[in-house]
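The block underneath contains the structure these notes are about, expressed in structure tokens.
The values are calculated or read from the model by the stated rules, or taken from the named source; none is laboratory data. Remember, it's a predicted structure, so these values are computed and weren't measured experimentally. FYI the Cβ positions are ideal-geometry reconstructions off the backbone, even for glycines, and counts take in every protein chain you see.
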Amino acid sequence: MRQRFGAVLIAVMVAVTALGSAPLRARGASGFPARYLVLIVMDGFRPDYMSLAPMRHVRALMRSGMAYKRAWVGQLETETPTGHATIVTGTYPKKHGVVGFGWRAPNGSYVWMPTDLRQLKAGLMESLIEAGGAPTISDLMHRKYPGSKSASMSGEKYYAADAMGTGADYILYSHALKRGMEVLPIGQHVPPPSTRYQTTDTRDDAYPWLQDKLVGSVAVRLLATIRPQTMLVNLPGSDIEGHLTGGIVDKQDMRNEARHADAAIGAIVDAYKRAGLYSRTLFVVTADHGMVPNTHVVPIKRMYGGIRATGAPTLEDDLLTTAGYVFLRDPADAAVVASRLSGRHFPWVEGALYRSPAGSGYAFHASHDTETSLGPAVTRAYLDLANTLAAPSGPEVVLPYREDTMGLTVRGSGPHWGNHGGLSWRVQHIPLVISGPGVAHSVSWFPAQLVDIAPTIERLLDLPIPAAVDGVVLADALKRAQPDDVAAQRGVAARRSQDVRALMQHSRAQNGIALGE
């Protein structure tokens, strides 16, 4: 279990070393970008995990770049496919369409597309994301530099690789075997045979930390063979470990995972250094959502009964994560259903939000009981989050759960397990580090969101920023920020800061401490 990468990785590193010894030419003038991008998402990684292990490679990037202490997801649902689609488009779920693990299709049916590998191989989720109106980072890179290559990869989270890899040339994920793992492509996104992407060391079992190590080795191999200008990397281990043990509740297990996630990042960074590309590469390290333990579990059977008792037919009820989502067959029933559910006062359920038409779009509102209970600041923060999925494909009713609460009971598991998906601060709070050419060296308390990552990368790579983006350029991360970018960041700072403070204070009231203070 504790073996290193093995002979395969040694051979890869030898190849990378040899590659780094070759003379490099600036490619900007020959149709290739002068800068490279490595975007790493530590799946389900809470910022306080960094207190468990040194994580020297991530901290080195923090010292050489900009670290955002109050970065947060800033949207719903806080799920893996949703977050990755937002990261590469700079748009909220209501626009890119991936509102969770399931949503209402245009024909009125309910689809679980992200977990349906057949649909992903057919390109359906990628088509949905690109139909949202904002080209992905890979799309923009290809448009400006037609000869450039983009690669996206994960371990077992194929839906993370596919959502983040929309527009990419190569999309890879790993598949567990009886012994070890194998690496597979999604759809037509197949790397050339010369990459030997399927060659893996399968002598270890597929534990969470091994998945990160495998993904890191694949990234190193692709750099050594095809040198993609855009590398999109999902490290799934922290999410897997968080679900199994409740995240930071089991400090030793998560400490081991944090070490191995950092080692995978270090292997990638070192490969770029050996290839002579480090000074020309923009590194972004973040997470797609947080994680909370099963301190409380809502009375899910009573809640399903309460939904039926409203008499409103439903298309789907998803109450299993850290919030409840109700999809109604008739959206006009939303206000009545929300009022009746909030009036039942289910334990650990903080209220109900409901969607209704507003102008040419939609907006969420809080039931009277909810606003009275939560107060204006938390209610406003919850509504701002819910409005990021206010679209016909999303739920009509959202049920916020108290922090460290979920609807899922895992039978046969240990005393602790974890989940995410909702509105509370500990599933919203994420790390965000940006390092590389053009990036300032500092620490920021600006409440950066996932939607800000794409436009910031696009500005740093001198790519056009699509008009459809919902995020802002993080101007304080740039050594030379444009006045319009500075103004746009300032324009959203007050409302975001109010929401973050409200969520943090709500967390402190429930748990005695709020992360990020």
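Numbers at a glance
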| item | result |
| --- | --- |
| Contacts under 6 angstrom Cβ, first residue in the stretch 174-199 being over 17 Å from Ser154 (Cβ atoms) and modelled with pLDDT under 90, partner surrounded by 13 or more Cβ atoms within 10 Å (Cβ to Cβ) and not polar (S, T, N, Q), 6 or more apart | Thr199/Val8 |
| So Asp330, is it of a type in the set (Asp, Glu) and loosely packed, with under 15 Cβ neighbours inside 10 Å | yes |
| Any hit, the stretch 289-303, residues being basic (Lys, Arg), within 24 Å of Pro392 (Cα to Cα) and at pLDDT 95 or above | no |
| Hits in the stretch 348-370 - residues which are more than 29 Å from the chain's Cα centre (by Cα) and surrounded by 12 or more Cβ atoms within 10 Å (Cβ to Cβ) | Ser367, His368, Asp369 |
| Considering residues of the stretch 298-309 that are in contact with a Ser or Thr (Cβ under 9 Å, 6 or more places away or on another chain) and buried (at least 16 other Cβ atoms within 10 Å of the Cβ) only, the residue nearest to Pro347 (Cα to Cα) | Val298 |
| Verdict on His506 being more than 21 Å from the chain's Cα centre (by Cα), outside the structural domain of Lys273 (by TED's automatic domain parsing) and of a type outside the set (D, E, K, R) | yes |
| Some residue of the stretch 19-37 being at negative phi, among the hydrophobic types (A, V, I, L, M, F, W, C) and modelled with pLDDT of 95 or more | yes |
| Identity of the residue in the stretch 409-432, surrounded by 15 or more Cβ atoms within 10 Å (Cβ to Cβ) and among the polar types (S, T, N, Q), that ends up nearest to Gly74 (Cα to Cα) | Gln428 |
| Close pairs (6 angstrom Cβ cut-off, 6 or more residues apart or separate chains): over 14 Å from Val469 (Cβ atoms) in the stretch 483-496, at pLDDT 95 or above anywhere | Val486/Ala475; Arg496/Pro447 |
| Residue that is surrounded by the most Cβ atoms within 10 Å (Cβ to Cβ), among those in the stretch 66-84 that are under 22 Å from Val292 (Cα atoms) and aliphatic (A, V, I, L, M) | Leu76 |
| Filter result for the condition that a residue is touching an Asp or Glu at 6+ places or on another chain (Cβ under 8 Å) and under 29 Å from Ser279 (Cβ atoms), over Leu463, Leu432, Leu450 | Leu450 |
| Residue among Gly412, Gly407 that alone is of a type in the set (Gly, Ala, Ser) and at positive phi | Gly412 |
| Pairs where the first residue, in the stretch 230-259, is in the same structural domain as Ile137 (by TED's automatic domain parsing) and the second is basic (Lys, Arg), C-beta under 7 Å, 6+ apart | Asn234/Lys157; Pro236/Lys157; Gly247/Arg46; Ile248/Arg46 |
| Every residue from the stretch 438-468 that is touching a Ser or Thr at 6+ places or on another chain (Cβ under 7 Å) and more than 15 Å from Ser138 (Cβ to Cβ) | His441, Pro447, Leu450, Val451, Ala468 |
| Flag for Thr409 being assigned to a loop (DSSP other than H, G, I, E, B) and of a type in the set (Val, Ile, Thr) | yes |
| Among residues of the stretch 122-133, those that are in a loop (DSSP other than H, G, I, E, B) and either among the polar types (S, T, N, Q) or in contact with a Gly (Cβ under 6 Å, 6 or more places away or on another chain) (or both), counted | 2 |
| Hits in the stretch 418-439 (condition: part of a loop (DSSP other than H, G, I, E, B) and touching a helix residue (DSSP H, G or I) at 6+ places or on another chain (Cβ under 6 Å)) | His420, Leu423, Pro431, Gly438 |
| Single condition Val398 does not satisfy, out of (1) outside the structural domain of Pro81 (by TED's automatic domain parsing); (2) touching a residue at least 40 places away in the same chain (Cβ under 8 Å); (3) in a loop (DSSP other than H, G, I, E, B) | (3) |
| Hits in the stretch 344-374 - residues which are in a loop (DSSP other than H, G, I, E, B), at pLDDT 95 or above and hydroxyl-bearing (Ser, Thr, Tyr) | Ser367 |
| Odd one out for Gly414 among (1) within 23 Å of Glu350 (Cβ to Cβ); (2) part of a loop (DSSP other than H, G, I, E, B); (3) touching a Ser or Thr at 6+ places or on another chain (Cβ under 7 Å) | (1) |
| Test: residue in the stretch 333-345 that is touching a residue at least 60 places away in the same chain (Cβ under 8 Å) and under 23 Å from Tyr92 (Cα atoms) | yes |
| Filter result for Thr281 (farther than 28 Å from Pro106 by Cα and crowded, with 19+ Cβ neighbours inside 10 Å) | yes |
| Residue ranges of helices (runs of 4 or more DSSP H) in the stretch 43-111 with at least 2 members over 25 Å from Ala467 (Cα atoms) and touching a Ser or Thr at 6+ places or on another chain (Cβ under 8 Å) | 56-64 |
| Complete set of residues in the stretch 446-492 that are under 25 Å from Ala381 (Cβ atoms) and loosely packed, with under 14 Cβ neighbours inside 10 Å | Ala487, Arg490, Gly491 |
